[in-house]
Amino acid sequence: MLAEKEALLVAGLDEFGGSELRAQDQVNTDLASRAASGYPYEATLIARMKSGDLSAFDDIVEQFQPMVYMLSLRVLADPEDARDATQESFLKVYRHIGGFRGEASLKTWICRIAINQARSVERWWRRRKRKETCSLDAPLSLNGEDDLTQIDFLSSSSASPEAETLSRERERQLESAISRLKKDFRIAVILRDIEGLSYEEIAWVTGISVGTVKSRIARGREMLREVLT
């Protein structure tokens, strides 16, 4: 536990819980082959992590924390809950990296951990019958840095002020539309159209068939078009 605490402090994640990651099932062998042959940087990062190099964990957090936080936020609709879920997700990454066998890319594996953790938090609150909502303009914080809104976070930092002004309202409409999708559709669309995962990767992350993934993405996109047109 001391080593876990040290790793989380190095990565700037100093709050964590103790629940364990559920066993992964139905591993896709095609994903395993892809992960083994197509991600040399990730392979090096994973090897460093497994050898006990805490700076490798810091690199993993730096690379994937924004993605994990936004996935958590879109499931939970609460910035504080999303922050807690993000911290717990990275604790699980730290604890279970030794058992990572390349069944998917590192990004896909972390996506699965993040989605499962966010759903676990959601179920915890549902059992307590909490009814809360979160505005898209509610401030959120990443690793203690300046507060941002979801829309601000989605805006490209490299875009010109003029381009940001022109696209801001459209982005706001799109984010609002995404937030109104049924959760299963929302997760599928986000993983495909924002995170760029393949259908097979999304199936692995969510534990559903590829056919169901395609159906949810198609329906989610259709619902977005209906809202935005």
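The values are calculated or read from the model by the stated rules, or taken from the named source; none is laboratory data. The structure presented is a predicted model; accordingly, all values stated were derived computationally and were not measured. Here Cβ is always computed from backbone atoms with ideal geometry, including for glycine, and neighbour counts include all displayed protein chains.
General remarks:
- Matching residues in the range 101-132 - criterion: being at pLDDT 90 or above and not in a helix (DSSP H, G or I): 105
- Just one of the numbered conditions (1) closer than 29 Å to residue 84 by Cβ; (2) modelled with pLDDT under 60 is not true of residue 166: (1).
- Being in contact with a Ser or Thr (Cβ under 9 Å, 6 or more places away or on another chain) and assigned to a helix (DSSP H, G or I) is a property that holds for residue 86.
- Qualifying residue in the range 68-79 (condition: surrounded by fewer than 16 Cβ atoms within 10 Å (Cβ to Cβ), of a type outside the set (Lys, Arg), at pLDDT 90 or above and in a helix (DSSP H, G or I)): no
This table checks each residue for (1) surrounded by 13 or more Cβ atoms within 10 Å (Cβ to Cβ); (2) outside any loop (DSSP other than H, G, I, E, B); (3) in contact with a strand residue (DSSP E or B) (Cβ under 7 Å, 6 or more places away or on another chain); (4) modelled with pLDDT of 90 or more.
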| position | (1), (2), (3), (4) |
| --- | --- |
| 171 | yes, yes, no, no |
| 176 | yes, yes, no, no |
| 185 | yes, yes, no, yes |
| 196 | no, no, no, yes |
| 208 | yes, no, no, yes |
| 212 | yes, yes, no, yes |
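- Scanning the range 47-60 for residues that are in a helix (DSSP H, G or I) and surrounded by fewer than 21 Cβ atoms within 10 Å (Cβ to Cβ) turns up 47, 48, 50, 54, 55, 56, 58, 59.
- Filter result for residue 88 (over 26 Å from residue 199 (Cβ atoms), modelled with pLDDT of 95 or more and not basic (Lys, Arg)): yes
- Annotation note: Cβ proximity below 9 Å between a residue of the range 52-76 that is on the phi > 0 side of the Ramachandran plot and a residue that is modelled with pLDDT under 95 and hydrophobic (A, V, I, L, M, F, W, C) (sequence gap 6+ or interchain) occurs for 52/3.
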